[in-house]
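Quick notes on the structure that follows.
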Amino acid sequence: QVELVESGGGLVQGGGSLRLSCTASGRSISNYAMGWFRQAPGKEREFLAAISRESLRIRYADSVKGRFTISRANADETVYLQMNSLKPEDTAVYHCAAIVGTTSTPVNAWNFWGQGTQVTVSS
């Protein structure tokens, strides 16, 4: 089992950047594909990006492609989400997740989740 803790959220002006981190404990993240998701109030949890165990496969949602970058440092047990050109509609709670599976796994099938970090983008 792996425990995940997100950090790096906060309040940023539109057009700004943030880098989120997801730090793991317990079982090593090298055993898992990792992903980032977000959930805004009243909306379903949304897939953003996923990265395979050795970073060979990376997927992005169309809504963030070209603005967000996912990366991982297995030696540091950390996954990152660099977010640029932020928009007010990016406001949400951002979660990282882990899966013993592929980066194409549907949202509800990911095995382990962090508690999330709030990102608020002002206009």
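Collect the residues in the range 74-97 that are farther than 21 Å from K43 by Cα and not aliphatic (A, V, I, L, M), keeping them in residue-number order.
N74, D76, E77, T78, Y80, Q82, N84, S85
Scan the range 36-78 residue by residue and report those that are surrounded by 15 or more Cβ atoms within 10 Å (Cβ to Cβ), in contact (Cβ under 8 Å) with a residue 40 or more places away in the chain and either of a type in the set (V, I, T) or touching a Ser or Thr at 6+ places or on another chain (Cβ under 7 Å) (or both).
A50, I51, S52, R59, R72, N74, E77, T78
Just the residues that are within 20 Å of G10 (Cα to Cα), of a type outside the set (G, A, S) and crowded, with 22+ Cβ neighbours inside 10 Å, please, taken from the range 89-116.
D90, Y94, H95, C96
With the checklist (1) over 14 Å from M83 (Cα atoms); (2) open to solvent by 50 Å² or more (accessible area, probe 1.4 Å) in hand, flag the one item S17 doesn't pass.
Only one criterion is unmet by S17, namely (1).
The values are calculated or read from the model by the stated rules, or taken from the named source; none is laboratory data. Bear in mind that the values here come from a model prediction, so they are computed numbers and not experimental data. Don't worry about glycine lacking a Cβ; one is built from the backbone with ideal geometry, like all the others, and counts go over all protein chains shown. Just the protein is used for accessible areas: all its heavy atoms, side chains included, with ligands, DNA and RNA removed. Shrake-Rupley method; radii C 1.70, N 1.55, O 1.52, S 1.80 Å.
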